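Have a look at the structure below before the remarks.
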Amino acid sequence: MSRTTMTLGVLLSVVVAADGAAQWNVARFGTERSRVYTIVGMDPSAVTAVGYGRVVQVSGHDFQVTGDAGVVAAGMDARDFRARVGTQTSLVQWRSIHLTGSATFITRGTDNSIYRGLNFGADLTGTLGVYHPRWFAGGEFGFDKAIVTHVTHSDWYRENFYPDAKDGWYLDTGGTYHYGLAGGFAVGRTELVGRVGLLRTERFNALTTPGYVSLGVGLGF
């Protein structure tokens, strides 16, 4: 492995992080067409986000389209940010059992003493579980892929570590699998959802932060 490849892999370890969107209760899509929400969690850094979701029908089938923006929670540092646009729907249903799917486009950025990075990626997640209007629980499995990333190395990094570091766009800079549990319950129009699980690289190697956990609160109307 070349020094350039090794350096790029280390530098992108923050950018290429699992950012699967929160799982919401598909059994409520027919009664609550809009939702505002906030999410806090570790995935793998401490992140807080706010967003909006709207349920739309395509050929009589409900899809929830969401958009949110978040920053690293520690000090609310806007230099480390993410923005997501995604959709979630029920793919297969038998009684109260649903196989749901979500697809999310993600923009991530970080700026520190070593480098400035901007990444565009996507996450695909499937969840199999039991969904009732007041609660749901299931197991999820997904893959988050960093499609293209731009890296600008700092002068400090060049002077102290690697003077020949190359700036520019890099394709296929990595990905992470995430798998675990998702669930939630509703009280009136307020829904509380959570996710917890493990993270692995696309080669199923362990990450420095081995897992993720998040908690979301949504208000439907």
- Residues of the stretch 145-172 being surrounded by 12 or more Cβ atoms within 10 Å (Cβ to Cβ) and in contact with a helix residue (DSSP H, G or I) (Cβ under 7 Å, 6 or more places away or on another chain), in sequence order, are 151, 162, 165, 170
- Query: For residues in the stretch 43-85 being touching a Lys or Arg at 6+ places or on another chain (Cβ under 7 Å) and among the basic types (Lys, Arg), which is modelled with the lowest pLDDT?
  - Reply: 82
- Considering each of 126, 142, 67 in turn, give the residue that is closer than 22 Å to residue 217 by Cβ and either touching a residue at least 24 places away in the same chain (Cβ under 8 Å) or surrounded by 20 or more Cβ atoms within 10 Å (Cβ to Cβ) (or both). 142
- Of (1) over 21 Å from residue 185 (Cα atoms); (2) among the acidic types (Asp, Glu); (3) modelled with pLDDT of 95 or more, residue 155 satisfies all except one. Which? (3)
- Residue among 195, 203, 134 that is loosely packed, with under 15 Cβ neighbours inside 10 Å and modelled with pLDDT of 95 or more: 134
- Message: With among the small types (Gly, Ala, Ser) and either at pLDDT below 95 or closer than 20 Å to residue 106 by Cα (or both) as the only criterion, which of 180, 129, 139, 211 stands out?
- Response: 211
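The values are calculated or read from the model by the stated rules, or taken from the named source; none is laboratory data. These figures come from a predicted structure and were not determined experimentally. Note that each Cβ is placed from the backbone with ideal geometry, even for glycine, and that neighbours are counted across all protein chains shown.
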